[in-house]
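The values are calculated or read from the model by the stated rules, or taken from the named source; none is laboratory data. Since we're looking at a predicted model, the values are computed, not measured. Positions of Cβ are backbone-derived with ideal geometry, glycine not excepted, and every protein chain shown enters the neighbour counts. What goes into the accessible areas is simple: the full protein's heavy atoms, side chains included, and nothing from ligands, DNA or RNA. Shrake-Rupley method; radii C 1.70, N 1.55, O 1.52, S 1.80 Å.
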Amino acid sequence: MSDATSGGAVPAAGSRRHGSILQLDARTKKRNAKEARFRAYGLGAIIIGLVFLVTLLTAIVSNGVGAFQQTFIEVPVYLDPQKLDKTGNRDAAEMAKVSTFGYTPLIQQGLLDLVDREGIDAPFEKAGDMKALISASAAAKVRDYVLANPDALGETRGFELLASSRVDGYLKGRVTQESVERDRNISAEHLQLADALREIGAIRKGFNSEFIFGADASESRAEQAGIGVAILGSFFMMLVVLAFSLPIGVAASIYLEEFAPKNRLTDLIEVNISNLAAVPSIVFGILGLAVFIEFAHLPQSAPLVGGLVLTLMTLPTIIISTRASLKAVPPSIRDAALGIGASKMQSVFHHVLPLAAPGILTGTIIGLAQALGETAPLLLIGMVGYIATNYPDGISSGFLDPNSAMPAQIYEWAKRADPAYYERAWGGIIILLVFLLTMNIIAIILRRRFERRW
Amino acid sequence: MNDMTLLERGVQTDDIKISARNVEVFYGDTHAIKNVNVEIQDKTVTAFIGPSGCGKSTFLRCINRMNDTIDICRVKGDILLDGEDIYDPKVDPVQLRAKVGMVFQKPNPFPKSIYDNVAYGPKIHGLARNKAELDEIVERALRRGAIWDEVKDRLHSPGTGLSGGQQQRLCIARAVATEPEVLLMDEPCSALDPIATAQVEELIDELRQDYSVVIVTHSMQQAARVSQKTAFFHLGTLVEYGATDRIFTSPEDPRTESYITGRIG
Ligand SMILES: Nc1ncnc2c1ncn2[C@@H]1O[C@H](COP(=O)(O)OP(=O)(O)OP(=O)(O)O)[C@@H](O)[C@H]1O
Ligand SMILES: [Mg+2]
């Protein structure tokens, strides 16, 4: 170091005289300046990180919060028995023959009548002109109601129906009277009518529970699409991942860490596990396609296959974190157990594993969270692009029937042309993040609970 | 504590409990123990003394095969316990360690309650038939570890919350609770104050009635106080082994003399 060379000869031991401690010497000043600079860097780094985080969250929330609101339109519909039950004997099988096409004109007529009755000035005469205001899903809703309550036939009932995605967009500011000029689906007059209906309370915005619990819809019915079925798909996938990766991962780590002899072979395995953790997830996807679908003939797009593929991906993460937490247990604990005649297995299961449990849990939940957000491998086994319009009926159907997953659903929506789907994609991301946050909180709580037992 | 009182309580027998023949230990390329031959008697306290790094702990760990847990460690030669070779392939080291207990150089209580620390050994070896018996075993062990009075009111608080010296006595109690035939102690008093040390020494002397105790110590006075036999190690070799009073009064080897008079180590 520079200070030792300046004086030439090294001073004899004990001959060094220190100055007053009230005055900072040059070295101390330099050291303090270094420390202050380092603190400033650290603080700067944290601020940059926070700024990114806040920007991201603001963007997500501001773009996605709209998906949780939906525009509804209250229409009194005359349930004309002439049209809906031609035989007149209320026979369920006969009534079911009337498709949604039979209901659509009645709904549209109902809305037109409402407009007339309220004396709203609108340049529309035909019932078909109301098509632009009401979601195409409305007919199915009314039909379901009639089939469930055949007594309602011949009466006028009020229905709260979804407004079309253009009207919804108009109320949320996404669509304006100018922007619809060249829109074939809706005109500026329709939007003016929507304003008028809003004034009399027939059109209003409400909480959109269908978005959270509902199924996906076709491309032209953005207002109807929900992420609920995809949430179930993700849920079943996570069950598969947890059921396979936790026992396999923990068993493999315990074996490698505590029992396996340290030789070439185990070194090789160790290196390969680390490498696997860095393999791009799409590689696991194509492996899953080849092994689970083409070779084992498991069903395509099924959460079971998705879960198996994600298990492959999660295993290295779990193994690495489990081994790290096993390594962190002081060897003296193992010695203590062995020293009083516990077997290797007893020392591991009674003493080492409980101490490593918080770390294992955290690693597992992080692995699961990663798997929950993974999209690429699902591309190759057909979960991305599958339109999840049906709820699985029952447990085995949940595992084996085609379904989507949350990130796949978000990707699917982001891909669609209708700007209404853009909002849904952001909304889906909010839901995904809520799930991830919940998992992290669970991880923290479990960790605390385990650690409190020292 | 008076030196003489302990030595006078002679129940010495000439039965050989452990006999080591041509023992060599290697850590990778390091030759840590070189051709050690020693016969340790039953119902006797044997002290291992010697300068730091001479291989006392290493040799002690050979006796209950704790060295098996170190990958790079290799042991050659024979160690017989009651005439049976403990390195025989048929021997399960787990069974051996229940018979040859150990107290380590650094206190290492389990991160569990004081009670569970002591009860663990009896539990896994099935020494207690019910809770009452287990309670009794735990109390007796803690009393023998000279720590009962300090912990009897907080048996269910963590063992890691004790002071260093208390932890070491807890570890002694834990080792005693499994009723071993041989007790290996690696510097058990290095973290203890003089009063606790005296209590542990008394315990060691008491254990001698039933067990064979091997103790590693850096304190010449302690070796003189508690042991009947002393072995002096130097640079991996056993330099001198004999009755404690003879080793301390008329050592044969000049290295032993230098060490006990404080010139090496
Ligand atoms: N786990 C190990 N790996 C490699 N070398 C070791 C290991 N343990 C001990 N050694 C070496 O073996 C020799 C003997 O060590 P040992 O611990 O037996 O000494 P000791 O006599 O107990 O010393 P001390 O009185 O300081 O405890 C030393 O040279 C040490 O470096
Ligand atoms: Mg030692």
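Longest span of chain B, sites excluded, free of GluC sites (Glu not before Pro) in DSSP loop with at most 16 other C-beta atoms within 10 Å? Formally, the longest exposed-site-free interval is B:1-180.
Roughly how big is segment A:228-450's charge dipole about its Cα centre, with Cβ charges of +1 (Lys, Arg) and -1 (Asp, Glu), in debye to the nearest 20? Each step should come with its number before you reach the end.
Working: 12 positive and 12 negative charges, 134 e Å.
The dipole magnitude comes to about 640 debye.
Averaged over its residues, segment A:72-206 has an accessible area of 53 Å² per residue, based on protein heavy atoms and a 1.4 Å probe.
Across segment A:222-234, computed HN-Hα scalar couplings (Karplus, 6.51 cos²θ - 1.76 cosθ + 1.60, θ = phi - 60°) run 3, 5, 9, 6, x, 9, x, 5, 5, 4, 4, x, 4 Hz from first to last residue, x flagging Gly and Pro.
Between A:Ala202, A:Phe235, A:Ala188, the Cα set farthest toward the positive side of the dipole of segment A:138-235 (charges on each charged residue's Cβ, about the Cα centre) is that of A:Phe235.
Classify segment A:150-240 as rounded, prolate or oblate, taking a ≥ b ≥ c as the square roots of the eigenvalues of its Cα gyration tensor: rounded when a/c is under 1.5, otherwise prolate if a/b is larger than b/c and oblate if not. Spell out each step's value before the answer.
Numbers: a/c = 2.51, a/b = 1.41, b/c = 1.78.
Oblate, since a/c reaches 1.5 and b/c is not below a/b.
Its relative contact order, with pairs defined as Cα atoms under 8 Å and 6+ residues apart, puts chain A at 17 percent.
Calculated on the Cα set of the protein assembly as shown, radius of gyration then Dmax: 39.9, 127 Å. Each other residue within a Cβ distance under 14 Å of B:Gly101 adds +1 if Lys or Arg and -1 if Asp or Glu, for a net charge of +2. Each residue, A:Ala328 and B:Ala243, gets one label point 7 Å from its Cα in the Cβ direction; the gap between the two is 5.7 nm.
Using only Cα atoms, tell me the angle between helix A:419-452 and the longest principal axis of chain A; keep it within 0 to 90° and round to the nearest 10. On a 0 to 90 degree scale, this one is about 40.
If you average 1/r across every pair of different Cα atoms in segment A:72-206 and take the reciprocal, what Kirkwood value do you get, in Å?
Values: mean 1/r = 0.0648 Å⁻¹.
Over segment A:72-206, the inverse of the mean reciprocal pair distance is 15.4 Å.
Computed from the C-beta positions of A:Glu189 and A:Val291, the FRET efficiency with R₀ = 60 Å rounds to 0.55. Measuring nothing but protein heavy atoms, the accessible surface of chain A at 1.4 Å probe radius is 62 percent carbon and sulfur.
Computed from phi, the 3J(HN,Hα) profile of segment A:143-159 under the Karplus parametrisation 6.51, -1.76, 1.60 (θ = phi - 60°) reads 4, 4, 5, 5, 5, 7, 10, x, 5, 5, 4, x, 10, 9, 10, x, 10 Hz, with x in place of Gly and Pro.
Ellipsoid fit via the Cα gyration tensor, segment A:228-450: semi-axes of 37, 19, 15 Å, each the root of five times an eigenvalue, largest first.
Count neighbours as other Cβ atoms within 10 Å of each site's Cβ, and list the trypsin sites (Lys or Arg not before Pro) in segment B:18-72 that are DSSP loop with at most 16 such neighbours.
Values: sites: B:Arg21, B:Lys34, B:Lys43, B:Lys56, B:Arg61, B:Arg65; in loops: B:Lys43, B:Arg65.
The qualifying sites: there are none.
Under the convention that each Lys and Arg Cβ holds +1 and each Asp and Glu Cβ holds -1, the size of the dipole of segment A:53-151 around its Cα centre is about 360 debye. Across segment A:201-209, rounded Karplus estimates of 3J(HN,Hα) from the backbone phi angles (6.51 cos²θ - 1.76 cosθ + 1.60, θ = phi - 60°) give x, 6, 10, 8, 9, x, 5, 9, 5 Hz, Gly and Pro being marked x. Extents of segment A:292-372, largest first, come to 54, 23, 14 Å (Cα atoms, principal axes, whole angstrom). Close amide-amide hydrogen proximity is noted between A:Val77 and A:Arg157, A:Gly158, A:Phe159, each under 5 Å apart and 5 or more residues distant or on a separate chain (H modeled in the peptide plane; Pro and chain starts excluded).
Classify segment A:1-130 as rounded, prolate or oblate, taking a ≥ b ≥ c as the square roots of the eigenvalues of its Cα gyration tensor: rounded when a/c is under 1.5, otherwise prolate if a/b is larger than b/c and oblate if not.
Judged from the Cα gyration tensor, segment A:1-130 comes out prolate (a/c at least 1.5, a/b above b/c).
Modelled spin labels at A:Ile444 and A:Val283, positioned 7 Å past Cα toward Cβ, are 3.5 nm from each other.
Nonpolar atom fraction for segment B:17-260, defined as the carbon and sulfur part of the 1.4 Å probe accessible area, stands at 48 percent. Rounded to the nearest 20 Debye, what is the dipole magnitude of chain A about its Cα centre when Lys and Arg each give +1 and Asp and Glu each give -1 at the C-beta? My answer is approximately 3120 debye. When accessible surface is computed with a 1.4 Å probe, chains A and B are found to bury approximately 1800 Å² between them, both chains counted. The long axis of helix B:164-177 is offset from the longest Cα principal axis of chain B by roughly 90 degrees. Treating cross-link reach as a plain straight distance, find the lysines whose alpha-carbon is under 23 Å from the alpha-carbon of B:Lys229, omitting any fewer than eight places away in the same chain. Partners found: B:Lys17, B:Lys34, B:Lys43, B:Lys56, B:Lys99. Shown here: segment B:17-260, whose C-alpha atoms stretch 52, 42, 31 Å along the first, second and third principal axes, sorted largest to smallest. Rounded to the nearest 10 degrees, what's the angle between the helix B:194-207 long axis and the longest principal axis of chain B, both from Cα atoms, 0 to 90? Once rounded, the angle reads 80 degrees.
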